Amino acid sequence: MAGNPRERAEPAVPPASARPRAAADTRRTPADQPAKAREPISRGDGARQRVLQAALEVLDEHGLPGFTMEAVARRAGASKTTLYRRWPTVGALLIDAMDATFQPFPVPDTGRVDTDLAQLLTAFVALLEHTPFPRLLAAFIDAAERDPALATLHADLTQRRREPLLIVLARARERGQLPGDLDPEVTTDLLAGPFFYRRFIAHRPIPPDLVHDVITHVLTPRAPDTANEHTTDHSTPAHTSAGPNHRIHRRSST
């Protein structure tokens, strides 16, 4: 019996092994691609920011032992040669990343020293509680302790972060809100110190009222020491012109 003519006319279908692959089969699926794959990094400020962001991510995830040029380059999608062209050492990259990301706070000018200080310290508390800054700073301090050159750069960076408080205190002295012999460096230490201590040393929470309490204790005059009252001349109150913000942290005369 003869077969169906149509069936004889149809070409035979080649086996699967002989058929060419579809174009879609040759493409890698997203799951096959390397994690965090990016285009090669280019020059320019945008490229620099990508590397700096990658540096902080590596430091946050792996700490100082894992902070290498290789790891940062891999995260940024760049080559080590590109990184070394701009940052000659891993320490220089670390400094640049911290400096560019955590800029000094804007200096407020409300006309009141206590309000200006409260704004700066409140912003500092938010930085400590709601960003990776504490972990990054801890690794940064560790690195600075091991590398004298990095320690010098760290000191310079820290000094720039103190500038907003120093400016507010200097301006308040000029306005007569604080005594003219106030020591701004010691006062800045007293204002910022409790927050560093609680976060990095005691690992205790920062109470909501701590900003107000610190400013009050640092700027408010203390009562005379009763143990030395017999040596104090009460006939003329000292520094009565300093007003309610009179304080005892003054420059040494020596």
* Structure fact -> 1/(1 + (r/R0)^6) with r = Cβ-Cβ of HIS62 and PHE200, R0 = 22 Å, i.e. FRET efficiency to nearest 0.05, evaluates to 0.65
* **Calculated SAXS-style log₁₀ I(q)/I(0) at q = 0.18, 0.27 Å⁻¹ - segment 39-101, Debye, Cα scatterers** => -0.52, -1.26
* Backbone HN-Hα couplings from phi across segment 47-62 [Karplus 6.51/-1.76/1.60, Hz, Gly and Pro as x] -> 5, 4, 5, 5, 5, 5, 5, 5, 4, 5, 5, 5, 5, 5, 7, 10
* **Integer Hz, Karplus 6.51/-1.76/1.60 couplings in order for segment 97-106, x for Gly and Pro** => 5, 5, 5, 6, 8, 10, 6, x, 5, x
* Report ³J(HN,Hα) in whole Hz for each residue of segment 183-191, in order, from the Karplus equation J = 6.51 cos²θ - 1.76 cosθ + 1.60 where θ = phi - 60°; Gly and Pro get x. => 8, x, 5, 5, 5, 4, 4, 5, 6
* Structure fact -> Computed over the Cα atoms of segment 81-198, the Rg and Dmax in Å are 16.4, 55
* **Amide H contacts under 5 Å for LEU182, placed H, 5+ residues apart** => ARG251
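Bear in mind these aren't lab numbers, they're just calculated from the coordinates by the rules spelled out. Quick caveat: nothing in here was measured; it's all calculated off a predicted structure. Virtual Cβ from ideal backbone geometry, glycine too; neighbours counted across all protein chains shown.
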